[in-house]
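Here the structure comes first, spelled out in structure tokens, and everything after it is commentary.
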Amino acid sequence: MPQPPSIPLNAWCVIAVAATVLFLMFFLPLMPNRRYRMRMFLGPVIGIVVTALSSLVKNFSPEVALALYSAAIVGFPLGCLGRRKELREKTLDMAENGQSAKNAWSKGLQQQLVVVIIVVALVGSWLSMAS
């Protein structure tokens with residue numbers, strides 16, 4: 001397996017910010033109301049807190065922590081590419097009628113999301129090995 005590139009901390013900071021912006025730009029417009037937009041906004045915030053705490057507990061370097069955070073946060077919008085219409089419709093229905101089997105994500109979206117998140121997590125893990 002090829003050696004991962006060594007990416008400096010300041011570059012990882014830019015990558016993490018860009019990944020967070022991508023996540024928010026993808027999901028916030030799909031949310032039907034303020035409550036759902038707030039939930040989407042809290043996703044990256046919780047991710048940052050969990051990443052910071054686990055890096056402290058496990059003694060990860062900041063580069064490793066940011067690589068793992070960036071991979072995790074960018075996996076969700078990439079995993080939903082081409083499915084914006086379905087996400088918007090299901091979220092709108094959920095906001096109006098509550099959670100039900102009718103507004104569950106399609107099997108195709110679920111499979112696409114799982115595969116992409118696994119691939120992105122592997123890439124993030126590989127990139128974090130350089131630090």
### Task
Kindly provide the set of residues from region 106-118 that are free of Cβ contacts under 8 Å to residues at least 24 places away in the same chain and either open to solvent by 80 Å² or more (accessible area, probe 1.4 Å) or hydrophobic (A, V, I, L, M, F, W, C) (or both), ordered by number.
LYS107, GLN111, ILE118
### Query
Is it true that some residue in region 60-68 is in contact with a helix residue (DSSP H, G or I) (Cβ under 8 Å, 6 or more places away or on another chain) and over 20 Å from PRO8 (Cα atoms)?
no
### Query
Just checking, which of PRO32, PRO77 is in contact with a helix residue (DSSP H, G or I) (Cβ under 9 Å, 6 or more places away or on another chain) and not in a helix (DSSP H, G or I)?
PRO32
## Note on the structure
The lone condition LYS90 fails out of (1) out of contact with any Ser or Thr (no Cβ under 9 Å at 6 or more places or on another chain); (2) more than 27 Å from GLN3 (Cβ to Cβ) is (1)
### Message
Can you find, within region 63-91, the residue that is surrounded by the fewest Cβ atoms within 10 Å (Cβ to Cβ) among those that are of a type outside the set (Asp, Glu), touching a Phe, Trp or Tyr at 6+ places or on another chain (Cβ under 9 Å) and more than 19 Å from ALA121 (Cβ to Cβ)?
### Response
ARG84
### Message
Checking the structure you have, find out if any residue of region 45-59 is among the charged types (D, E, K, R), assigned to a helix (DSSP H, G or I) and open to solvent by 30 Å² or more (accessible area, probe 1.4 Å).
### Response
yes
### Query
Filtering region 9-32 down to residues that are open to solvent by less than 30 Å² (accessible area, probe 1.4 Å) and in contact with a Pro (Cβ under 8 Å, 6 or more places away or on another chain), which residue is modelled with the lowest pLDDT?
TRP12
### Task
Sort through MET94, MET129 and tell me the only one that's open to solvent by 70 Å² or more (accessible area, probe 1.4 Å) and either among the hydrophobic types (A, V, I, L, M, F, W, C) or without any contact (Cβ under 8 Å) to a residue 24 or more places away in the chain (or both).
MET129
## Note on the structure
Note on region 60-74: residues over 16 Å from the mean Cα position of the chain (by Cα) and either not in a helix (DSSP H, G or I) or not hydrophobic (A, V, I, L, M, F, W, C) (or both) are PHE60, SER61, PRO62, GLU63
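The values are calculated or read from the model by the stated rules, or taken from the named source; none is laboratory data. For clarity, every value in this text was computed on a predicted model and none was experimentally measured. Counting neighbours? That spans all protein chains shown, and the Cβs are built from the backbone with ideal geometry, glycine included. In case anyone asks, the SASA skips ligands and DNA or RNA and just uses the protein heavy atoms, side chains included. Shrake-Rupley method; radii C 1.70, N 1.55, O 1.52, S 1.80 Å.
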